1. Under a 5 Å amide H to amide H cut-off, with H placed in plane at 1.01 Å, what residues pair with Leu171 once short-range neighbours are removed?
2. Probe radius 1.4 Å, ligands and nucleic acids ignored: give me the carbon and sulfur share of the accessible area of the chain as a rounded percent.
3. With the cut-off at 1.5 for a/c, could you classify region 102-179 from its C-alpha gyration tensor as rounded, prolate or oblate?
4. Full-extension gain between Arg190 and Ala249, please, as 0.36 nm times their residue separation minus the C-alpha to C-alpha distance.
5. Please list, in order, the residues from region 4-19 whose amide nitrogen is less than 18 Å from a point placed 7 Å along the Cα→Cβ vector of Asp30.
6. Charges at C-beta only: +1 for Lys and Arg, -1 for Asp and Glu. How large is the resulting dipole of the chain about its Cα centre, in Debye rounded to 20?
7. Averaging over all projection directions, find the projected area of the Cα convex hull of the chain and quote it in nm² with one decimal place.
8. By per-residue mean of other Cβ atoms within 10 Å, what is the highest-first order of 137-147, 59-69?
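The values are calculated or read from the model by the stated rules, or taken from the named source; none is laboratory data. Quick caveat, the model's predicted, so the values are computed rather than measured. Here the Cβ is made from the backbone with ideal geometry for all residues, glycine too, and neighbour counts use every protein chain on show. Note: accessible area is taken over every heavy atom of the protein model, side chains too, but ligands, DNA and RNA are not part of it. Shrake-Rupley method; radii C 1.70, N 1.55, O 1.52, S 1.80 Å.
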Amino acid sequence: MTGRKPTLLIIGGTGEALLLARAAEAELGDRLRVISSLAGRTRSPAKVGGEVRVGGFGGIQGLADYLRDTGVDFLIDASHPFSAQISHHACLAAAATATPRCVLARPPWHIQAGDRWHEAADMAAAAALVPNLGRRVFLSVGARSLEHFSGLRDSWFLVRLIDTPDDPLPLPQAKLITGRGPFDAASEHRILEQHRIELLVTRASGGAATEGKIDAARALGLPVILVRRPAPPPGETVETIAAALDWLARGLSR
């Protein structure tokens, strides 16, 4: 790695990835080239530290080719916990190119006193639980998962997305709100009360940025359907920005 700056690729698109890129640029930028990869699904992504590339890689081989062609020395997967495909691709591409890889994973939420949690294995299972738990539903599962709930004709949904979609929501009765986290418990409490929400359906993403809705549901005594987080691929995993930077610093010192 002599004669040039070592290169870090961050598989991004999350708040953690954004903070990591900014921290890596601020603390290691004199020794490290930082590139963040964004899928390009949001229209106005937040400003990221270092360089940015937008769009997919073209599968495992495409990512492996990018790692080789760009001279990537370190790969940190800071993608969303439910972005299982890109995490799988990153694992295999890093192995194929012998690129050191680390996963920055959100710490999971833990059940507390007063929680009324119902775990679902997937979105279809979550949709099956809805009719027995509440008619007015705050649905926080991402745009690509809404179709699973389209058959619930007697349910009313409050849907929150980052951007307004080009197509109508595939739900018989729904209202759309837009926003980008983090969301605090007080504002989430107001949303739940304002829309007379009886049930929260969300992915068990973990982390602090979207935990406010979990706290608000607990305070109101509402049931929560949590869609189980996919199992991460094997490899070194950290849960904080500081730990990811320590992993990088150790690699740079070798």
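1. Under 5 Å from the amide H of Leu171 lies no amide H from a residue far enough along the sequence or on another chain.
2. 52 percent
3. It is oblate, given that a/c is not under 1.5 and a/b is not larger than b/c.
4. Full extension of this stretch gives 17.0 nm more.
5. 4-7
6. 180 debye
7. For the chain, the mean projected area of the Cα convex hull comes to 14.0 nm².
8. Peptide ranking by packing, descending: 137-147, 59-69.
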